[in-house]
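Student: Once you've had a glance at the structure underneath, I'll fire off some questions.
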Amino acid sequence: MLRYIYRHDLHLFPKLRRSMHLDRADQFHTRLGWEVQVDETGEEHDQYDQLDPLYVIWEKPDGSHGGSMRFLPTTGPVMVNDFFLDLNNGVPLQSPLIWESTRFCLSRDASGNVAGALTLAGIEIMRNFGIQHFAGVFDRRMVRIYRSLGFSPEVVGRRGEGRDQICLGLWEFSPEVYERVAERAGIAPHTSQAWFDHSFGAISNAAVMPAAHIAAE
């Protein structure tokens, strides 16, 4: 199932928390060779984990991590502005209606629909919180994967060439995208909404900013 958990509540799910950070270290450090911080316990963390982000996590039946993403509003510090400002011609992305998505991670034994489920969860956040766009930096090889999931970004900036090229993308919400991604993920919209409601309670589909981030506006 999908869980939506703010950092300040992550300690309530110790197995899920630890396995997520272990899987992040495995994916980003071991498999991809990124220069990320892995602590003495083998977990990967960075400074953005300290800003009370919202995590979307696929929880396996045994309570461990199957896949996850991390979200922060661009009204505060985000990677696209701190490290990739050149991809938007030096103009920071700053809006309560634009959130950044980072740390898309899948466990080694994730089932085939986890990537689609996480993508649908991101759109569920947009739909329920009134967010218009997600921003993120990605490897150009991800373009085909985004297309297969039914949620392709508008590329607004590029750096590098060939396999080393990275892109800044903006993903835009629409009801049609929600329906398409749900179909490709094999998850009924009412099931997706029920998972969201399990974490947050029923929220009207309006521009609702989570209380933890209102102070950042």
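The values are calculated or read from the model by the stated rules, or taken from the named source; none is laboratory data. Owing to the predicted nature of the structure, the values given are computational and were not obtained by experimental measurement. Virtual Cβ from ideal backbone geometry, glycine too; neighbours counted across all protein chains shown. Ligands, DNA and RNA are excluded from the accessible area calculation, which covers all protein heavy atoms including side chains. Shrake-Rupley method; radii C 1.70, N 1.55, O 1.52, S 1.80 Å.
Student: Which percent of the accessible area of the chain is formed by carbon and sulfur heavy atoms (probe 1.4 angstrom)?
Tutor: Roughly 53 percent of what the probe reaches on the chain is carbon or sulfur.
Student: Using a probe radius of 1.4 Å on heavy atoms only, what accessible surface per residue do you get for the chain? Whole Å² is fine.
Tutor: Ligands and nucleic acids excluded, the figure is 48 Å² per residue.
Student: Sorted by accessible area (1.4 Å probe), largest first, how do V156, V78 line up?
Tutor: So, going from the largest accessible area down, we get V156, V78.
Student: Please compute the net charge surrounding F28, taking Lys and Arg as +1 and Asp and Glu as -1 over other residues with Cβ under 15 Å from its Cβ.
Tutor: Result for the neighbourhood of F28: -4.
Student: At what distance in angstrom do the alpha carbon centres of region 160-183 and region 7-72 lie from each other?
Tutor: Result: 22 Å between the Cα centres.
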